Every structure is written in C-alpha cells, then in structure tokens.
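For reference, the structure discussed in these notes is given below.
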Amino acid sequence: MLAPDPAVDPALDRAETDPTDSTDSTDTDFAETDPTDTDLAETDPAETEAGPDLAPTVLSSDGVLRPAWADRGEAVRRYYDTEWGRPVESEAGLFELIALLVFAGGLTWSSVLGRRDALREAFAAYDASIVAAFTDADVDRLVADASMIRNRRKIEAVVTDARAVMALRDHGGLVDLVWGRSAGELVAPAVDVSEIPRAGERSARLAADLKEAGFVHLGPVMAQALLLAAGIVPVRRAVAQPSAVDPAGGTDRRTVDF
C-alpha cells in the first residue's frame, strides 16, 4: 500500500475545501481536465518534446524516463514505478482508480496520492455497496472532514459512480466493462512510454460506455488514464542502463515490458 506523501500540496485546501461551492454540480470542466495537466504545466528543461496528442516525458535524475506527471516527488514516482500500469482486475480496485481520477481533476497527482489513505477510509475501502448508500448527510460529513479533498461535486460524483458500479453487477460488472470483455475488445498492444496518447478510439468507447452505465465526469482523457493505470493498455517503460550512461551525459535508454 502506498504511504501518503508527507508533502501534500499546500494549495490543496485553498483550492478545494470550500463547502459552500456553488458551482453547478453538472459542470464537467474538471472532468475533462487531463489529471496530469497541473503537473505538466510546470516547465522542465529535461522534458522531451511531445506532440499535442502525446503525454510529455522527462528523464528523471535517476536516469529513468517517465511520464512528466510521474516525476513530481518521491510518492508519485513510487506509485508509477511500483503500481501504475499493473493489471487491476477487481471491482474495488477499479472503483478506486475511477475515484482518484475524479479527484485528480484540477490538482496535481501527488496531491491526490497524499490524501489517498484518507479517501480510501472515507469511501469504505471502495466497497461500492456501502458508498452507493451514502446520503446527503454523509456527503456533508466528508465535506467537513479536514483529511479529505473537500470538493462537494467530486464527492457526489464518487457516490454516483458507486451506484453505477452496483447497477453493473447485473450486467457483467465493472471489471468486464472496463477491460472490454463485454464488448469483445482485443488485447491492447503495448505503447512506448514516450508515445503514450492522451486519448484514443478505445478510451472514447470506454468513456461512452461508462457514461451510458451512469458514471459521471469520465471523458475520453480520463478513460485513457484509467486504461493505462489499470494495465489494460500496457506501456513499455524505458530504463537507463547504468553502463550505458556516458561521461558527456548521454543516456542509452532501453525499453522493457512490465
């Protein structure tokens, strides 16, 4: 289990804790925000050039090529190195990823990971049957909880998504839907870490399927992030071979499948 990042973004409470947020709960601006955008907005001279449809990468100080969002602190690097992209085939595991992606909109990924344990506790270890029964009083309680990311719309979205998870149990289940088994999706080919698309045809189909199933705030970009994080679209990761780093600073990056 990933330990919380001790250096939680100090802007988190300022930006996300207003319990009187009057924004229309149907507003999806945060939903279609790439959960890595806040990280990628930081300019890093080590970032590689990437087209507008590809996620930028950065050669980290340890010689490992990672997506730029995964090089913003030890906790997020650890998440990327040890957990991200490993197959997730449980309902609770996929529900957690969906919830984290919802909360990530407009925040740095490291900020969300810093509150991960609190989110897991708040949402009953992502037991959809419990979260689906949350009332307005439960939402109010979470909005008032200082350990939470206190955004009412996002909390309500997770409750709504829990109810969608429950409804899917009579129609194949969340796992089959996300992995594409219900639709007969083929096994996705691996992509290089330097060529990860922000979205694609498969993520667009998944976003549409999730919306039809009752999930909210999950467009094609978020669906792509889910496919990648859950290991459904595998990524060939680039690693630096210690013997291949030359004195001039050049690095021979070799790709390996995880």
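The values are calculated or read from the model by the stated rules, or taken from the named source; none is laboratory data. On a predicted model such as this, the values are computed, not experimentally measured, just so you know. For neighbour counting, all protein chains shown are included, and Cβ atoms are generated from backbone atoms with ideal geometry for every residue, glycine included.
Considering 188, 164, the condition of being touching a Gly at 6+ places or on another chain (Cβ under 6 Å), in contact (Cβ under 8 Å) with a residue 12 or more places away in the chain and not polar (S, T, N, Q) is satisfied by 164 alone. Exactly one residue out of 103, 95 is within 21 Å of residue 223 (Cα to Cα) and either of a type in the set (Gly, Ala, Ser) or without any contact (Cβ under 8 Å) to a residue 60 or more places away in the chain (or both): that is 103. Considering only the range 109-123, I want to know if a residue exists there that is in a helix (DSSP H, G or I) and of a type in the set (Lys, Arg). Yes, the range 109-123 contains at least one residue that is in a helix (DSSP H, G or I) and of a type in the set (Lys, Arg).
Of all the criteria given as (1) surrounded by fewer than 16 Cβ atoms within 10 Å (Cβ to Cβ); (2) closer than 30 Å to residue 156 by Cβ; (3) in contact (Cβ under 8 Å) with a residue 60 or more places away in the chain, the one not satisfied by residue 172 is (3). Run residue 213 past the list (1) without any contact (Cβ under 8 Å) to a residue 60 or more places away in the chain; (2) crowded, with 18+ Cβ neighbours inside 10 Å; (3) not basic (Lys, Arg) and report the number of the one that doesn't hold. Looking at each condition in turn, residue 213 falls short on (2). If we scan the range 104-114, do we find a residue that is in contact with a Pro (Cβ under 6 Å, 6 or more places away or on another chain), more than 17 Å from residue 228 (Cβ to Cβ) and not hydroxyl-bearing (Ser, Thr, Tyr)? Yes: one or more hits.
Checked against the criteria, residue 88 counts as modelled with pLDDT of 90 or more, of a type in the set (A, V, I, L, M), under 22 Å from residue 190 (Cα atoms) and part of a loop (DSSP other than H, G, I, E, B). Of the residues 193, 165, 158, 178, the single one that is surrounded by 20 or more Cβ atoms within 10 Å (Cβ to Cβ), β-branched (Val, Ile, Thr) and in contact with a strand residue (DSSP E or B) (Cβ under 8 Å, 6 or more places away or on another chain) is 193. Just so you know, in the range 56-77 the residues that are in a loop (DSSP other than H, G, I, E, B) and touching a Ser or Thr at 6+ places or on another chain (Cβ under 9 Å) include one that is farthest from residue 193 (Cα to Cα), and it is 73. Against the list (1) closer than 23 Å to residue 216 by Cα; (2) of a type outside the set (Phe, Trp, Tyr); (3) under 16 Å from the mean Cα position of the chain (by Cα); (4) at pLDDT 95 or above, the condition residue 135 fails is (3).
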